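In what follows, a structure is listed as structure tokens, so that the remarks can point back to it.
The values are calculated or read from the model by the stated rules, or taken from the named source; none is laboratory data. This structure is a prediction, so every number in the text was calculated from the model and none was measured. Every residue, glycine as well, gets a Cβ built from its backbone with ideal geometry; the counts of neighbours run over all protein chains shown. Keep in mind that these areas ignore ligands, DNA and RNA; they rest on the heavy atoms of the full protein, side chains included. Shrake-Rupley method; radii C 1.70, N 1.55, O 1.52, S 1.80 Å.
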Amino acid sequence: MSQKNLLKKVTKVLRTIEWALLILLIGYSILIINPFSDMYQFNKDIHKAKREGIYFDADAKFQSYFGTAVRLDGVVYNQKELLVYMSGKAFGPNSKLPNRVQVKTDKGTILQSSGGGSSTDILRARGIYDFKDVPAGIQSITVYNEAYSESFSFQIDLQGGDVQ
């Protein structure tokens, strides 16, 4: 085999590898920018809670927390269960929301999250934290977290929920 034929074969193999890497990079970029699945239908659930009058809009400003900006979007409270909706902003694939949050009621009871989930893309995340066995008659709550001298805290009134 001559050097010319060998050079052509090597060039062809390198072009194939280059195209394969380019296609993989484009596909991965699309998944980061626009996730292919949104497991949590936040807008649908919030709209339903607003119709039932159990959604409380927070209207909070973003606070800094470990290099990201977090915000309390709103709360669903039906006298038994508490759902806390939050948003986070930061660039990159890193986590934009804390793994857990705590809730302190107006009566001083501290509640721990029993689950939740989030949808994340390259710029922001929306998440939900679920609290079960919540006492009835709560008037207001404070959603907070503190770790390694970083903290955030949001207070929300739970009277007169949004109705649509």
> Restricting attention to the range 67-95, and to residues there that are of a type in the set (A, V, I, L, M, F, W, C) and modelled with pLDDT under 90, which single residue is most open to solvent (accessible area, probe 1.4 Å)?
Replying inline: PHE91
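Are any residues in the range 115-127 in contact (Cβ under 8 Å) with a residue 40 or more places away in the chain and open to solvent by 30 Å² or more (accessible area, probe 1.4 Å), and if so, which ones?
Those that are in contact (Cβ under 8 Å) with a residue 40 or more places away in the chain and open to solvent by 30 Å² or more (accessible area, probe 1.4 Å): SER118, THR120, ASP121, ILE122, ARG126.
Output the residue which, of all residues in the range 128-160 that are farther than 17 Å from SER64 by Cβ and aliphatic (A, V, I, L, M), is surrounded by the most Cβ atoms within 10 Å (Cβ to Cβ). Step through it out loud before you land on a result.
Filtering the range 128-160 down to residues farther than 17 Å from SER64 by Cβ leaves 128-142, 155-160.
From what's left, aliphatic (A, V, I, L, M): 128, 134, 136, 138, 141, 156, 158.
Numbers: ILE128: 21, VAL134: 18, ALA136: 8, ILE138: 19, ILE141: 25, ILE156: 19, LEU158: 18.
Only one residue fits best here, namely ILE141.
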